Amino acid sequence: VLISQYGLLMFQYHIKTMGKSPNKMLDKEQFLALRQSYADTYLVSSWHLLDTLTSKPPKDLAQESDLISRLYNTQLDVAFMLQDSNKINTVYEKAVSSLMSRLDSAPRNDVLLALVTACSCGKISAVSKLGSHLKGGELDGVHNGALQDPSRVDFSALYTLALQLQDNLDTQWKNIGKDLEWSAFRIVKAQFRAIDPRSTEAAILRPNLSATKFVDYDPQPDSHFLRSGAVTHFVNPGPVAIPMSGFASKEEAIVFGYFDITAGKEVIRVTNCVTLKRDKSSGSLVKWAGKELSSMVAIAGPRAGNKLSTTVLDAEFVLEEDPSGLYKCL
């Protein structure tokens, strides 16, 4: 396990160093070739070592269920670094089955790590189940960390989103988790338009909104539209930089973000959900279009439980593949 974890750490170190170095502006082919060389050096041998141990464990090891579970989880980490969907799907159930059978007694950190894995695999039902066992503030800590650094995936938002998607898994969102992808896109343009003229003042994330034309909102500096497995993430364009995390398949994506505003004795939760479908491509540019649904709900104070406003906007994103952001997809 220690040898494999060392391989993982060295691989991650080299990829992040390669991505952040100002002197190494690589195109996609160069980045992927160098990435593959690091994978061959650090990950392939780790995979074979772990595969040997888990497929035919020694007798003394076979009876150590916790250690076997650690081996599977490390093997799953290696599969993600290899970005190999077949290996990920092969190991996932073995890695989480032991934990899922003892969620009430499992360490909370193990449950949180399993939730992160389930999100990356697009296992929506598992995300919902795992999140329901994290009532000790673990997800609040993750959310607060993402608000401080919106480039980080907000797994609290992903749990909330998974609960909302539960009823539509067999219809609208049935492809989530079927085509895992690792890619980075620069947001060339993000524009929004009010569907109802009366909603322009209530859309606090979109100042100067119009109901007659699309209005551009500047992307955050060094922000990318990321795909990492089944997870997609970007920082909200415009003046309010909140993390927007969600799930995606090849042709569609749904992302969600939220934050709270305290005014006196009242706390108002602002939620934002964007659903997008791949629209069309033009050269290196790809357009995604859909809707943005924003709401404000009082969660504390005299109006607690009341929805204060809801706005629905047309949304369009123009993206361009950007190899410089691929290191963020680890």
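The values are calculated or read from the model by the stated rules, or taken from the named source; none is laboratory data. Here the structure is a predicted model, which is why all the values come from computation and not from measurement. Counting neighbours? That spans all protein chains shown, and the Cβs are built from the backbone with ideal geometry, glycine included. Side chains are part of the model used for accessible areas, which takes the heavy atoms of the whole protein and leaves out ligands, DNA and RNA. Shrake-Rupley method; radii C 1.70, N 1.55, O 1.52, S 1.80 Å.
For the structure I just gave you, tell me whether SER183 is outside any strand (DSSP E or B), surrounded by 15 or more Cβ atoms within 10 Å (Cβ to Cβ) and not hydrophobic (A, V, I, L, M, F, W, C).
Working: outside any strand (DSSP E or B): no; surrounded by 15 or more Cβ atoms within 10 Å (Cβ to Cβ): yes; not hydrophobic (A, V, I, L, M, F, W, C): yes.
It is false that SER183 is outside any strand (DSSP E or B), surrounded by 15 or more Cβ atoms within 10 Å (Cβ to Cβ) and not hydrophobic (A, V, I, L, M, F, W, C).
Close contacts from the range 81-101, counting a first residue that is closer than 18 Å to ALA39 by Cβ and a second that is among the polar types (S, T, N, Q) and modelled with pLDDT of 90 or more, with Cβ to Cβ under 7 Å and a gap of 6+ residues or different chains, come to VAL91/GLN75.
The residue list LEU326, LEU285 contains one member that is farther than 24 Å from LEU163 by Cβ, in contact with a helix residue (DSSP H, G or I) (Cβ under 7 Å, 6 or more places away or on another chain) and not polar (S, T, N, Q), which is LEU326. In the range 263-271 there is at least one residue matching the filter, namely being at pLDDT 95 or above, touching a Leu at 6+ places or on another chain (Cβ under 9 Å) and closer than 19 Å to LEU158 by Cβ. Restricting the range 187-206 to residues that are among the small types (Gly, Ala, Ser) and not in a loop (DSSP other than H, G, I, E, B), which is surrounded by the fewest Cβ atoms within 10 Å (Cβ to Cβ)? My answer is SER199. Residues of the range 95-107 that are touching a His at 6+ places or on another chain (Cβ under 9 Å) and open to solvent by 30 Å² or more (accessible area, probe 1.4 Å): ASP104 alone. Does at least one position in the range 120-133 carry a residue that is loosely packed, with under 13 Cβ neighbours inside 10 Å and either at positive phi or of a type in the set (Val, Ile, Thr) (or both)? Checked against the condition, which is being loosely packed, with under 13 Cβ neighbours inside 10 Å and either at positive phi or of a type in the set (Val, Ile, Thr) (or both), the range 120-133 yields no hits at all. The number of residues in the range 63-94 being among the small types (Gly, Ala, Ser), surrounded by 13 or more Cβ atoms within 10 Å (Cβ to Cβ) and modelled with pLDDT under 85 comes to 1.
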